[in-house]
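Below is one structure; the comments refer to it alone.
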Amino acid sequence: AQSVAQPEDQVNVAEGNPLTVKCTYSVSGNPYLFWYVQYPNRGLQFLLKYITGDNLVKGSYGFEAEFNKSQTSFHLKKPSALVSDSALYFCAVRDMRDSSYKLIFGSGTRLLVRP
Amino acid sequence: GAGVSQTPSNKVTEKGKYVELRCDPISGHTALYWYRQSLGQGPEFLIYFQGTGAADDSGLPNDRFFAVRPEGSVSTLKIQRTERGDSAVYLCASSLGTGRLPYEQYFGPGTRLTVT
């Protein structure tokens, strides 16, 4: 069965400091991996995805994520956090071998960037 | 361009009533998905359509839930005999299609359903 774990309910970081939001996954085959962000009273917004190739993926708003197959992880990173990055972040996975195209989401991590 | 829209944005209903939730996908997107998000949780898959047909409905919790997409565009999620446990935000998403490569899904703002 596919699953995603986001071990931190909340991450606190000071503006200007680097941030990391952790994600680990479990799939039978190889994964497609995604990060989405959710602002209050708004829908989920796509940030970035890993399909294949380079393990470092760059996305919107200066975010990037690193795929690590041996650790089954796909941590979200940003070199310098902004207060406006404060939001709820979701990691999601789809198994390449799954004939269904559904995404399996983690429970989310709240990022709080303090001024 | 216009994103995914969902109506109503909020729906309050009494236990036992029937509700319909509507989703308008992005024009040209052939794949449409419904998810449910409970408080403090990530979205949970319900059903997805490729064109007019439900390609995977394995996430529907029981037979009170049903969804249609008769013309391959707008979709309606229907819930019969609502229960308090159905209270959640219902999210709709669409994508360009389904193939070997995973097109990203674009989400609507959701419908917040409250069953009293």
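Taking the criterion of being touching a residue at least 24 places away in the same chain (Cβ under 8 Å), assigned to a strand (DSSP E or B), touching a strand residue (DSSP E or B) at 6+ places or on another chain (Cβ under 7 Å) and facing chain B (nearest Cβ under 9 Å), would at least one residue in the stretch A:97-111 satisfy it? Steps first, answer last, please.
The initial filter retains those residues of the stretch A:97-111 that are touching a residue at least 24 places away in the same chain (Cβ under 8 Å), namely A:97-98, A:103-111.
Pick out the ones that are also assigned to a strand (DSSP E or B) and you get A:104-105, A:109-111.
Those still in the list that are touching a strand residue (DSSP E or B) at 6+ places or on another chain (Cβ under 7 Å) too: A:104-105, A:109-111.
Cutting the leftovers down to facing chain B (nearest Cβ under 9 Å) gives us A:104-105.
Yes, the conditions are met somewhere in the stretch A:97-111.
Yes/no matrix, rows are residues, columns are (1) out of contact with any helix residue (DSSP H, G or I) (no Cβ under 9 Å at 6 or more places or on another chain); (2) under 21 Å from residue A:13 (Cα atoms); (3) of a type outside the set (A, V, I, L, M, F, W, C):
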| position | (1), (2), (3) |
| --- | --- |
| A:65 | yes, yes, no |
| A:82 | no, yes, no |
| A:85 | no, yes, yes |
| A:94 | yes, no, yes |
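A quick yes/no check of all residues on (1) surrounded by 15 or more Cβ atoms within 10 Å (Cβ to Cβ); (2) farther than 30 Å from residue A:9 by Cβ:
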{"position": "B:33", "(1), (2)": "yes, no"}
{"position": "B:36", "(1), (2)": "yes, no"}
{"position": "B:53", "(1), (2)": "no, yes"}
{"position": "B:83", "(1), (2)": "no, no"}
{"position": "B:88", "(1), (2)": "yes, no"}
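Would you check which residues across the stretch B:100-116 are assigned to a loop (DSSP other than H, G, I, E, B), touching a residue at least 60 places away in the same chain (Cβ under 8 Å) and over 21 Å from residue B:13 (Cβ atoms) and list them?
If the condition is that a residue be assigned to a loop (DSSP other than H, G, I, E, B), touching a residue at least 60 places away in the same chain (Cβ under 8 Å) and over 21 Å from residue B:13 (Cβ atoms), then B:103, B:105 are the ones that fit.
The residue of the stretch A:85-106 that is surrounded by the most Cβ atoms within 10 Å (Cβ to Cβ), among those that are more than 19 Å from residue B:107 (Cα to Cα) and at pLDDT below 95, is A:95. Residue A:75 fulfils the conditions (1) farther than 18 Å from residue B:42 by Cβ; (2) assigned to a strand (DSSP E or B) except for a single criterion, (1).
Looking only at residues of the stretch B:5-22 that are assigned to a strand (DSSP E or B) and over 16 Å from residue B:84 (Cβ atoms), we find that the one that is farthest from the chain's Cα centre (by Cα) is B:10. Do we have residue B:42 as without any contact (Cβ under 8 Å) to a residue 24 or more places away in the chain and crowded, with 18+ Cβ neighbours inside 10 Å here? Judged against the criteria, residue B:42 is a match. Counting only strands (runs of 3 or more DSSP E) that fall entirely inside the stretch B:58-99 and contain at least 1 residues that are within 11 Å of chain A (Cβ to nearest Cβ) and touching a strand residue (DSSP E or B) at 6+ places or on another chain (Cβ under 9 Å), the qualifying elements are B:88-95.
The values are calculated or read from the model by the stated rules, or taken from the named source; none is laboratory data. Here the structure is a predicted model, which means the values were calculated and not measured. For neighbour counting, all protein chains shown are included, and Cβ atoms are generated from backbone atoms with ideal geometry for every residue, glycine included.
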